[in-house]
Amino acid sequence: MQTVWLTGAEWGAVLRIGLGLWWLESWRHKDRKGWFERGTGIAWAAEVAGKHRWPFVKDGFRKIVEPRPKVMAYIVVYAELALGLGLISGFLTPIALVGGLLLNLLYLVLMIHDWAEQGQNAMMALISFVALFAMSWQTWSLDNAIGLF
């Protein structure tokens, strides 16, 4: 593929690394003390889920997240860190891209009424999709260096 400045594969890697930086920023700006000690993140999500227009979101949150708020807080916060590091370094990239896509879709469904939040999640999901199908781990990645995928 002919492109300006970089090859198509290199542009795919740029997209992957940019998405990883976005996930890393999402992790960096979280008030981890609030999430882990005071439960602010899960409490906020519970409030959003409780008012959700789709019953399956309310029920799913009540059955899966509410019984284990501390564990879920750690899962959310450290999933964002792992996604960021995995995508930047290109380690287990297809897994990170699918995981990020699923997490963004989950956020998208939870925040269906908040258009400001929707834009970020929709863009991140689109980038994950493109980077996945462009096989962005083939360039500038640990996966490529060690022969994975």
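The values are calculated or read from the model by the stated rules, or taken from the named source; none is laboratory data. Values in this document were obtained by computation on a predicted structure and should not be read as measured data. Virtual Cβ from ideal backbone geometry, glycine too; neighbours counted across all protein chains shown. Accessible surface areas use protein heavy atoms only, side chains included; no ligands, DNA or RNA. Shrake-Rupley method; radii C 1.70, N 1.55, O 1.52, S 1.80 Å.
So with the 1.4 Å probe, I'd like the accessible area per residue for segment 93-142, rounded to whole Å². Walk me through the numbers on the way to the answer.
On the way: 2550 Å² over 50 residues.
Here the per-residue accessible area is 51 Å².
Find the centroid of the Cα atoms in segment 1-62 and in segment 107-132, then give the distance between the two in whole Å.
If we compute the Cα centre of each part, the gap is 8 Å.
Nearest 10 degrees, 0 to 90: what angle lies between the long axis of helix 40-50 and the longest principal axis of the chain (Cα atoms)?
Its long axis makes an angle of about 70 degrees.
Rounded, prolate or oblate: which one fits segment 19-62, using the alpha carbon gyration tensor with axes a ≥ b ≥ c (rounded when a/c is under 1.5, else prolate when a/b beats b/c, else oblate)? Let's see the in-between values first.
Details: a/c = 3.57, a/b = 1.62, b/c = 2.21.
Oblate, because a/c is 1.5 or more while a/b does not exceed b/c.
Where does the charge balance sit around Ala46 when Lys and Arg score +1, Asp and Glu -1, over other residues with C-beta under 14 Å from its C-beta?
With Lys, Arg at +1 and Asp, Glu at -1, the net is +4.
Tell me the GluC sites (Glu not before Pro) within segment 1-38 that lie in a loop according to DSSP and have at most 15 other beta-carbon atoms within 10 Å.
Values: sites: Glu10, Glu25, Glu37; in loops: none.
Answer in residue order: no site qualifies.
Using only Cα atoms, tell me the angle between helix 93-110 and the longest principal axis of the chain; keep it within 0 to 90° and round to the nearest 10.
The helix 93-110 is inclined about 30 degrees to the chain.
Run the quick spin-label model on Met123 and Leu85: label points 7 Å from Cα toward the beta carbon, then report their separation in nm to one decimal.
It works out to 2.6 nm between the two label points.
If you line up the long axis of helix 115-133 against the longest principal axis of the chain, both from Cα atoms, how many degrees apart are they, to the nearest 10?
Roughly 40 degrees between the two axes.
Once you order the gyration tensor axes a ≥ b ≥ c over the Cα atoms, which shape class does segment 61-148 get: rounded for a/c under 1.5, otherwise prolate or oblate by comparing a/b with b/c?
Numbers: a/c = 2.97, a/b = 1.58, b/c = 1.89.
Cα axes put segment 61-148 in the oblate bin.
Only helical DSSP H runs with n ≥ 4 go in: add -39500 (n - 2.57) per run for the chain, normalise by residue count and round the 222 nm mean residue ellipticity to 500 deg cm²/dmol. All intermediate terms of the calculation are to be shown ahead of the outcome.
Numbers: 7 runs with 101 residues, N = 149.
It lands at -22000 deg cm²/dmol.
Read through the labelled values [x] 15.7, 48; [y] 16.8, 53; [z] 17.8, 58 and report the label of the one computed as Rg and Dmax of the Cα atoms in Å from the structure.
[y]
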